[in-house]
Amino acid sequence: FWIESSVQMAAEARAYGITHLHLLQPNQHVPDSKPLSDEERAERIDASLAQYVPTAYEHLRAAGDELRERGVPFHDLTTLYADVPETIYRDSCCHVNARGNALMAERIAVLLEER
């Protein structure tokens, strides 16, 4: 369903001349995606999410490969914060602070320029 929905969104965007990017957002529960700060380790990890997110993201990445094969501009941003040791995550789900949003915006701007 996720793949088909993205394919449809990309097709609709193309039909109207709209730039479409499908981005897989970072998540602190993806192993080796970010050096967690002391605050993140203590307050931003949810044991139940840590149990399921890694496997879910493996599936999402594989689906991303299929999306690319089907012409959808898919970008895996899970390692966006791989070199950022300071606190980025503001909750145990995946939401980020202003610094995390700024880094995300910078990366999206580069991706849009490359199109």
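The values are calculated or read from the model by the stated rules, or taken from the named source; none is laboratory data. Quick caveat: nothing in here was measured; it's all calculated off a predicted structure. Glycine also receives a Cβ, built like all others from the backbone with ideal geometry; neighbour counts cover every protein chain displayed. We work out accessible area using only protein heavy atoms, side chains counted, and drop any ligands, DNA or RNA first. Shrake-Rupley method; radii C 1.70, N 1.55, O 1.52, S 1.80 Å.
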Test result for Leu23, under 24 Å from Ile3 (Cβ atoms), modelled with pLDDT of 95 or more, open to solvent by 30 Å² or more (accessible area, probe 1.4 Å) and in contact with a Phe, Trp or Tyr (Cβ under 9 Å, 6 or more places away or on another chain):
yes
Which ones in the range 68-99 are in contact (Cβ under 8 Å) with a residue 40 or more places away in the chain, surrounded by 13 or more Cβ atoms within 10 Å (Cβ to Cβ), under 12 Å from the mean Cα position of the chain (by Cα) and under 24 Å from Ala42 (Cβ atoms)?
Thr78, Leu80, Tyr81, Cys94, Val96
